[in-house]
Amino acid sequence: MSTVNAYATINSGEKLVPYTYELPEIGNEEVDVKVLYCGVCHSDISMIDNSWGMSQYPLVGGHEIIGQVTAVGSHAKGIKVGDYVGVGWSASSCMHCSSCMQGSQHLCSNVQATIVGRHGGFSDQVRAHWSWTIVLPKGINLEKAGPLLCGGITVFNPILISEVKPTDKVGVIGIGGLGHLALKFLNKWGCEVIAFSSSENKKDDILAMGATKVINSRKPEELETIAGSLDFIISTVNVSLDWNAYLQTLAPKGKLHVVGASLEPMQIPAFTLIGGEKTLGGSPTGSPSAIKTMLDFSVRHNIYPTVEAFDMKEINKAIQHLRDGNARYRVVLKA
């Protein structure tokens, strides 16, 4: 048994308070990680508020974890005490179903999220299965790497599964915590990148992060200037939009890929898809293999989220900063 010191939400929507709990003896395939940094994601706020109806309280959030291994189970593979590692949205999967055996462990029907039914990284220690405890590449910036484990893989995985080519002209809807990372990845992927944003004051930042052009998403006439030209669009927003207007910016056989978790049904006119053989897709995070690929790509091209750092004891201040929409562009807690 070991005692974990954490910050927990006791009831839905409440501020976090100090909380301790006991971890049982480590399992054969489990890994214990001392938390050094932990990102604060909008998904943490959704869980704190029980917006998705699956929160269990007391809830210790935090699923963008960077830390150092302190203990390993007897059957853990490829990991040892002292390794610097990351743990993202997923902490465990069954490792024997069809999805797991095909390398899509994030699609396992029994995948366990780091903060659903278990406690996460708003703490001094976290436990996960060895397969989801990702050994970090040498030279990575530990302070900035946390958000890559959730926000980063959420926008990087669609590049892989949609087979985006370096010669493609692509679009990113929403330049926030997810979208600014999508810009950086797609720019270094070699693409011409169009950013869709309603925030005029972000334009200089957006261009500096790799966008070729910024389209004001509130001006239909600007959308019309790129009609039929984009091979791929990734939407990172969690609100309902005029999806038909964006579908019309796609070239024939273009794809609109959704990663923003809007709770409202999408209004998609069938003929807009049919006429140009266009497709609509979506995805959650990504497999351990995809995460490792993303981290290697990030180190090679020096791609990191733009972060604001808070001490762990300032966690409520950090969460409110994110709630207020003031984060530029990801928030990280220092243990």
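The values are calculated or read from the model by the stated rules, or taken from the named source; none is laboratory data. These numbers were taken from a predicted model, which means no experiment stands behind them. Ideal geometry is used to build each Cβ from the backbone, glycine not excepted, and the neighbour counts take in all protein chains shown. For accessibility, only protein heavy atoms count, side chains too; no ligands or nucleic acids. Shrake-Rupley method; radii C 1.70, N 1.55, O 1.52, S 1.80 Å.
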* To do: Run the accessible area of the chain with a 1.4 Å probe and give the carbon-and-sulfur part as a rounded percent.
  => 49
* Asked: How much length is gained if the chain between residue 314 and residue 245 is pulled fully straight, taking 0.36 nm per residue apart and subtracting their Cα-Cα distance, in nm to one decimal?
  -> 20.7 nm
* Asked: How many nm is it between the label spots at residue 203 and residue 293, if each spot is 7 Å from the Cα in line with the beta carbon?
  -> 3.6
* Asked: What does the charge add up to near residue 298, with Lys and Arg as +1, Asp and Glu as -1, over the other residues with Cβ less than 12 Å from its Cβ?
  -> +4
* What fraction, in whole percent, of alpha-carbon pairs in the chain exceed 28 Å separation? -> 41
* Potential lengthening between residue 34 and residue 221 on full extension [0.36 nm per residue; Cα-Cα distance subtracted] -> 62.2 nm
* **Compactness of segment 193-335, expressed as Rg and Dmax over alpha-carbon positions, Å** => 17.6, 54
* Distant-in-sequence amide H partners of residue 258 (H built 1.01 Å from N, under 5 Å) -> 235, 281, 282, 283
* Within straight cross-link reach of residue 80, meaning Cα distance under 14 Å, which aspartates and glutamates are found once same-chain residues fewer than 8 apart are removed? -> 29, 30, 32
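In debye to the nearest 20, how big a dipole does segment 25-130 give about its Cα centre with +1 on each Lys and Arg Cβ and -1 on each Asp and Glu Cβ?
With Lys and Arg at +1 and Asp and Glu at -1, about 180 debye.
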* To do: Find the accessible area per residue for segment 234-295; the probe is 1.4 Å, ligands and nucleic acids are left out, and the unit is Å².
  => 48
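So which of 77/292; 213/255; 213/334; 165/278; 77/255; 292/334 end up more than 27 Å apart by C-alpha?
Pairs exceeding 27 Å: 213/334; 77/255.
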* With no solvent and one equal point scatterer placed on each C-alpha of segment 1-107, evaluate the Debye formula and give log10 I(q)/I(0) for q = 0.16, 0.17, 0.21, 0.22 Å⁻¹, two decimals. => -0.89, -1.00, -1.30, -1.33
* How far apart, in nm, are the 7 Å Cα→Cβ label points at residue 279 and residue 213? -> 2.6
